[in-house]
């Protein structure tokens, strides 16, 4: 089925999403709903009790609408909101591995200095969750894990091509040409398309009303395991998961673009703006990249598979944290 059969009304919702929120509200929450299906009621109760002991600050500005009937799903996007309060956590959401580089356990430290990336953050926050006696620290660590396991599986959170993980690749999406805002950022862009746009288009085409429905669709079309073994997210384990997402970034994200994008130098892995790297955004804009039906139809199965993997692995990590 061609998922580009979305209405103009849905396009208004798609275009309005924030390209800084990996997987968006629907994707992150679908990951949690998948994980919950694989956890015992006792483990779910322990997770909710830990969150309840460290409630979210009611003054915190939330990007996503609340999920009043599920505190775990409601917490899945908290880390994106919290980084507006604590900017030191910004780098914890991704790891800038150049498209041309093969990520390994031996070179991971080059792209994750001081463990301040998604790979390091998962390991650190798991340790806090399982060793701290402070309820507030435990609650925050748990919310970070709920979010970062999702981030890790977004290919453009583990891959960059001298373009801030695709944020500096303006694209036309559903006939909407890219526009630049006052900060110099472009929308639509490749990162945002993978974060949220294609997910929302797919949900509209399949009439999936919310993240819970998306999770149910994934579980029905890609059956989940009967059970999962607990997994402690050591650096080696998390690097293996990041390697898989990085490979997808190389092949499915950049490799299938309708207008081929050359590999940028690995030295341009970290940019302060889209004007860096010899005005990478301007050079990409000149390519007139457009996300066509073939690219979108090939990408959707990849996205759904990554959301499923994130949910299964989150369940395994939570089982290790709450034995």
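The values are calculated or read from the model by the stated rules, or taken from the named source; none is laboratory data. Not measured: the values here are computed from a predicted model. Note that each Cβ is placed from the backbone with ideal geometry, even for glycine, and that neighbours are counted across all protein chains shown.
Of note:
- Taking first residues from the stretch 283-297 that are surrounded by 15 or more Cβ atoms within 10 Å (Cβ to Cβ) and partners that are assigned to a helix (DSSP H, G or I), the Cβ contacts under 6 Å between residues at least 6 apart in sequence or on separate chains come to 291/193; 296/198.
- Residues (without any contact (Cβ under 8 Å) to a residue 24 or more places away in the chain and under 30 Å from residue 294 (Cβ atoms)) located in the stretch 218-242: 220, 223
- Of everything in the stretch 172-221 that is in contact with a helix residue (DSSP H, G or I) (Cβ under 8 Å, 6 or more places away or on another chain) and on the phi > 0 side of the Ramachandran plot, the residue that is surrounded by the fewest Cβ atoms within 10 Å (Cβ to Cβ) is 184.
- Residue list for the stretch 305-323, restricted to those being surrounded by 24 or more Cβ atoms within 10 Å (Cβ to Cβ) and modelled with pLDDT under 95: none
- Taken across the stretch 39-53, residues that are modelled with pLDDT of 95 or more and under 21 Å from the mean Cα position of the chain (by Cα) do not occur at all.
- Residue within the stretch 225-233 that is at pLDDT below 95 and either touching a helix residue (DSSP H, G or I) at 6+ places or on another chain (Cβ under 8 Å) or surrounded by fewer than 18 Cβ atoms within 10 Å (Cβ to Cβ) (or both) present: yes
- Check on residue 99, in contact (Cβ under 8 Å) with a residue 60 or more places away in the chain, touching a helix residue (DSSP H, G or I) at 6+ places or on another chain (Cβ under 8 Å) and either surrounded by 20 or more Cβ atoms within 10 Å (Cβ to Cβ) or closer than 20 Å to residue 164 by Cα (or both): yes
- Residues of the stretch 109-118 that turn out to be in contact (Cβ under 8 Å) with a residue 60 or more places away in the chain and closer than 20 Å to residue 310 by Cα, as a count: 1
- Here is the figure for the stretch 119-136: residues that are in contact (Cβ under 8 Å) with a residue 12 or more places away in the chain and over 12 Å from residue 235 (Cβ atoms) total 6.
- Any hit, the stretch 278-289, residues being modelled with pLDDT under 95 and in contact with a strand residue (DSSP E or B) (Cβ under 7 Å, 6 or more places away or on another chain): no
- Taking the conditions (1) surrounded by 13 or more Cβ atoms within 10 Å (Cβ to Cβ); (2) outside any loop (DSSP other than H, G, I, E, B); (3) free of Cβ contacts under 8 Å to residues at least 40 places away in the same chain in turn, residue 278 satisfies each one other than (1).
- For the stretch 247-272, the set of residues classified as in contact with a helix residue (DSSP H, G or I) (Cβ under 7 Å, 6 or more places away or on another chain) and assigned to a helix (DSSP H, G or I) consists of 248, 249, 252, 253, 268, listed by residue number.
- Pairs linking a residue in the stretch 41-66 that is touching a residue at least 40 places away in the same chain (Cβ under 8 Å) and on the phi > 0 side of the Ramachandran plot to a residue that is surrounded by 11 or more Cβ atoms within 10 Å (Cβ to Cβ) and in a loop (DSSP other than H, G, I, E, B), with Cβ atoms under 9 Å and 6 or more positions apart or on different chains, do not occur.
- Residue selected from the stretch 260-275 under the condition surrounded by 19 or more Cβ atoms within 10 Å (Cβ to Cβ) and farther than 14 Å from residue 189 by Cβ, by the criterion modelled with the lowest pLDDT: 269
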